[in-house]
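Since the structure comes first, as structure tokens, the remarks are kept for the end.
The values are calculated or read from the model by the stated rules, or taken from the named source; none is laboratory data. Keep in mind that what you see is a predicted model, and the values were worked out from it rather than measured. Because the Cβ atoms are built from the backbone with ideal geometry, glycine has one as well, and the counts that use them run over all protein chains shown. With ligands, DNA and RNA removed, areas are computed over all heavy atoms of the protein, side chains included. Shrake-Rupley method; radii C 1.70, N 1.55, O 1.52, S 1.80 Å.
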Amino acid sequence: MSILDKMVEDGDGRFWGFLGCRYIKGNKQEVQIALTAGEHHTNSMGIIHGGVLTSLMDQAMGMVATAAMEVDSCVTTNLNVHFLAPMSQGELIVTSTVLHQAGRSITTQSEVRDASGTLGCMATATFRVAKSRA
């Protein structure tokens with residue numbers, strides 16, 4: 001079982017499952033996850049809450065970082081988010097890739113698009129190895 005498969009399997013009872021994330025595909029360079037955003041993911045303006053979008057990107061970037069570093073886990077040490085367009089209820093696709101890797105740190109990027117391909121937000125993040133594989 002790959003580390004990505006294990007993360008998904010273990011995630012149902014955690015924040016992953018609480019958000020409603022779905023794994024699409026992944027490898028050491030790119031991870032895609034999805035969310036069918038509902039009313040409970042919206043803010044008082046009726047658009048998808050920025051915290052939901054940020055959480056989705058942090059999750060996907062953490063997954064690609066963990067896979068790329070070939071470790072059991074890593075932690076976010078820096079996260080920069082840019083909100084570009086409001087996202088509505090419906091299908092959201094998150095794509096995260098590796099930008100740079102050095103030593104115990106890795107920098108990733110992510111974006112969230114809706115079903116029509118509109119770019120809603122993007123982020124970069126740096127992760128540090130928390131637990132190496134035994």
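Data for the structure
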read-out: Approximate spin-label separation Ser44-Thr97, in nm, with each point projected 7 Å along Cα-to-Cβ; value: 3.9 nm
read-out: Distance between the stretch 95-112 and the stretch 13-84 - C-alpha centres, whole angstrom; value: 13 Å
read-out: Heavy atoms of Leu84 accessible to a 1.4 Å probe, total area in Å² rounded to 10; value: 100 Å²
read-out: Rounded accessible area of Ser116 (nearest 10 Å², 1.4 Å probe); value: 100 Å²
read-out: Expected-Rg normalisation [2.2 N^0.38 Å, Cα atoms] applied to the chain; value: 1.00
read-out: Dipole-positive endmost among Gly11, Ile48, Val98 within the chain (Cβ charges, Cα centre); value: Val98
read-out: The stretch 82-132: Cα Rg divided by the 2.2 N^0.38 Å rule of thumb; value: 1.39
read-out: Asp10 - accessible surface, heavy atoms, 1.4 Å probe, Å² rounded to 10; value: 70 Å²
read-out: Rounded to whole Hz, the Karplus (6.51, -1.76, 1.60) HN-Hα couplings of the stretch 81-94, x for glycine and proline; value: 10, 10, 8, 10, 8, x, 9, 9, 4, x, 6, 10, 10, 10
read-out: Accessible surface, per residue, of the chain when the full set of protein chains is kept, probe 1.4 Å, Å²; value: 52 Å²
